[in-house]
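Q: Sharing a structure with you now.
The values are calculated or read from the model by the stated rules, or taken from the named source; none is laboratory data. Here the structure is a predicted model, which means the values were calculated and not measured. Cβ sites come from the backbone with ideal geometry, for glycine too, and all protein chains shown count toward neighbours.
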Amino acid sequence: MRFRNIFTILCCIFVGFTASAQVKLETPALETIYNRTSIRSYSSEKVEKDAILTLLRAGMSAPSAVNKQPWAFMVIDDRDLMEKIGNEFKNAGMIKKASCAIIVCGDLKLALEGVAQEFWVQDCSAATENILLAAHSMGLGAVWCGVYPNPERVEALKALLSLPEHIVPLNIIPIGVREKEQEPKDKWKEDRIHWNKW
Ligand SMILES: Cc1cc2nc3c(=O)[nH]c(=O)nc-3n(C[C@H](O)[C@H](O)[C@H](O)COP(=O)(O)O)c2cc1C
């Protein structure tokens with residue numbers, strides 16, 4: 001009887017230990033999430049194509065409603081075009097000093113129908129955050145510059161890039177090599193959390 005009790009206790013300790021050992025509270029991914037911050041100035045170093053493709057792979061790894069993946073990505077690395085975008089979109093002026101930019105777009109032909117169509121915004125936002133996190137982890141700097149839902153910005157960017165009607169630009173992400181480390185903002189706010197009741 002005594003032996004069985006000791007055996008049960010040892011089993012519980014073992015199960016508890018293995019269960020908690022599986023949940024890691026410090027990981028490289030968490031470090032990236034906590035330390036990512038918007039970067040608006042870049043070194044003159046070029047971001048090579050392999051790195052851009054890695055960022056796009058990260059973007060396309062995002063979750064999306066019904067796995068529709070209703071996104072399209074425009075890579076901009078033409079200096080004249082970047083200059084034009086920077087001049088026209090003051091909120092994305094840093095693109096002029098960036099090595100390249102990714103424009104994350106929603107493809108309404110790939111999106112769900114009816115009220116669910118609007119899920120494209122969340123899907124493309126998830127892709128955007130993946131790109132920002134990947135950029136940070138790769139030693140790059142990037143910033144989300146909002147386009148949609150501002151109708152003037154959407155129409156102006158569609159016209160500038162000759163985007164087809166069903167393609168809606170969500171944002172512009174200027175990307176460059178990070179010159180220096182920048183302190184992330186501490187956004188932890190305990191009062192934003194509600195356990196079981198408001
Ligand atoms: C939807 C959205 C739109 C944004 N638009 C701009 C923008 O137009 N220009 C800009 O410089 N930053 C823009 N940002 C970046 C925010 O200013 C930034 O994320 C915020 O200040 C928090 O700082 P952090 O990213 O360093 O944590 C945008 C961010 C989001 C999520």
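Q: Go through the stretch 178-195 and give me each residue that's modelled with pLDDT of 95 or more and either within 13 Å of the ligand (Cβ to nearest atom) or in a helix (DSSP H, G or I) (or both).
A: Going through the stretch 178-195, the residues modelled with pLDDT of 95 or more turn out to be 183-195.
Selection gives Glu183, Pro184, Lys185, Asp186, Lys187, Trp188, Glu190, Asp191, Arg192.
Q: Of all residues in the stretch 39-85, which are among the hydroxyl-bearing types (Ser, Thr, Tyr) and in contact with a helix residue (DSSP H, G or I) (Cβ under 8 Å, 6 or more places away or on another chain)?
A: Answer for the stretch 39-85, where residues must be among the hydroxyl-bearing types (Ser, Thr, Tyr) and in contact with a helix residue (DSSP H, G or I) (Cβ under 8 Å, 6 or more places away or on another chain): Ser41, Tyr42, Thr54, Ser61, Ser64.
Q: Every residue in the stretch 82-111 that is more than 16 Å from Lys46 (Cβ to Cβ) and surrounded by fewer than 17 Cβ atoms within 10 Å (Cβ to Cβ), please.
A: From the stretch 82-111, those more than 16 Å from Lys46 (Cβ to Cβ) are 83-94, 103-111; that's our starting set.
Residues satisfying the conditions are Glu83, Lys84, Asn87, Glu88, Lys90, Asn91, Gly93, Leu108, Lys109, Leu110.
Q: Additional query: Take the stretch 66-101 and flag every residue that is over 30 Å from Leu112 (Cβ atoms) and either within 16 Å of the ligand (Cβ to nearest atom) or among the polar types (S, T, N, Q) (or both). Break it down stepwise before answering.
A: So in the stretch 66-101, the residues over 30 Å from Leu112 (Cβ atoms) come out as 77-84, 86-88, 90, 93-100.
Within the stretch 66-101, Met82, Gly86, Asn87, Glu88, Lys90, Gly93, Met94, Ile95, Lys96, Lys97, Ala98, Ser99 meet the criteria.
Q: What tally of residues in the stretch 162-172 results from selecting those that are out of contact with any Cys (no Cβ under 9 Å at 6 or more places or on another chain) and either within 13 Å of Leu81 (Cβ to Cβ) or of a type in the set (D, E, K, R) (or both)? Outline the logic, then answer.
A: First pass over the stretch 162-172, keeping only residues out of contact with any Cys (no Cβ under 9 Å at 6 or more places or on another chain): 162, 164-166.
Narrowing further to those that are either within 13 Å of Leu81 (Cβ to Cβ) or of a type in the set (D, E, K, R) (or both): 162, 165.
Residues in the stretch 162-172 being out of contact with any Cys (no Cβ under 9 Å at 6 or more places or on another chain) and either within 13 Å of Leu81 (Cβ to Cβ) or of a type in the set (D, E, K, R) (or both): 2 in total.
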